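Working notes, structure below.
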Amino acid sequence: MFAACPEDRIDALCAEADFERIARLLNTYAFSWDIERALELALFRTYAMPSISSLLARTGEFAARPAKRYDDTELLLSEPLENGLDSARGRAAISRINEMHGHYRISNDDMIYVLGTFVLEPIRWLDRFGRRAMTPHEQRAWTNYYRALGARLGIRDIPADLAGFAAFNANAERERRRFARSNREVAQATLDLLLSFYLPRRLFGLGRPMVLALLDAPLREAMGLPHPPRAL
């Protein structure tokens, strides 16, 4: 069945010419649960950058309506992935993202960094927790999809490959990641939102260390979040 064996379909496709189809199969069939969890955690990497978190904090969206901000982002990014970058629905979603970004001064480097988290974090999650890792063929297609999306978002100087994204983001984290109150504000609002997807509020105290254990120590420190118990 198509849904049961996406790997067979993926192996028959070209990572350069068919990257949209491969990315759709990866996201919808092969690793749907894993990719969604990875992208939830990818948000935290962006919040550890004061230039990004301060903008998000100033808009007030995360404090006032975190669920709406999260849902809007997920919906707008899923439309081109599920329907095609150049489909009517994909173009409309990309146009809306560009319109929203146009209201703010966002540096090109921040745009590349955020794009890089969408490329890198699902691959890293699958390496650690998935039933299998992405193959090099799948990684190339996944990277090519986000390069194409980034171009449509007006991002310049997009890294050419996975290694380029990894190097760019690692350098950005070395140079620009540091603690700021806005990091903690936005991260805490998002942490509570993610916990609300799975737990009643009275159990947030039990769930919070579990999420924190999935974040590396430098990332937690940059957001002013506590370390989880050593047992985790």
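Is it the case that Gly164 is free of Cβ contacts under 8 Å to residues at least 12 places away in the same chain and either of a type in the set (Ser, Thr, Tyr) or surrounded by fewer than 19 Cβ atoms within 10 Å (Cβ to Cβ) (or both)? Yes. Only residues that are surrounded by fewer than 15 Cβ atoms within 10 Å (Cβ to Cβ) and not charged (D, E, K, R) were counted in region 79-105, giving 10.
Only one of the listed residues (Gly150, Gly84) is at positive phi, at pLDDT 95 or above and out of contact with any Cys (no Cβ under 9 Å at 6 or more places or on another chain). That residue is Gly84.
From the list Phe168, Phe204, the lone residue that is of a type in the set (Phe, Trp, Tyr), closer than 30 Å to Gln139 by Cβ and touching a helix residue (DSSP H, G or I) at 6+ places or on another chain (Cβ under 9 Å) is Phe168. Determine whether Met111 is hydrophobic (A, V, I, L, M, F, W, C) and modelled with pLDDT under 95. Here the answer is no, as Met111 does not meet what is asked. Pairs meeting the criteria (first residue in region 1-14 and modelled with pLDDT under 60, second residue surrounded by 11 or more Cβ atoms within 10 Å (Cβ to Cβ) and not small (Gly, Ala, Ser), beta carbons under 8 Å, at least 6 apart or on different chains) are Phe2/Arg9; Phe2/Tyr29; Ala3/Tyr29.
Taken as a whole, region 110-119 holds no residue that is surrounded by 14 or more Cβ atoms within 10 Å (Cβ to Cβ) and free of Cβ contacts under 8 Å to residues at least 12 places away in the same chain. Within region 187-209, is even one residue within 17 Å of Val114 (Cβ to Cβ) and surrounded by 12 or more Cβ atoms within 10 Å (Cβ to Cβ)? Yes, there is a match, as at least one residue in region 187-209 is within 17 Å of Val114 (Cβ to Cβ) and surrounded by 12 or more Cβ atoms within 10 Å (Cβ to Cβ).
The values are calculated or read from the model by the stated rules, or taken from the named source; none is laboratory data. Since this is a predicted model, take the numbers as computed values, not measurements. Don't worry about glycine lacking a Cβ; one is built from the backbone with ideal geometry, like all the others, and counts go over all protein chains shown.
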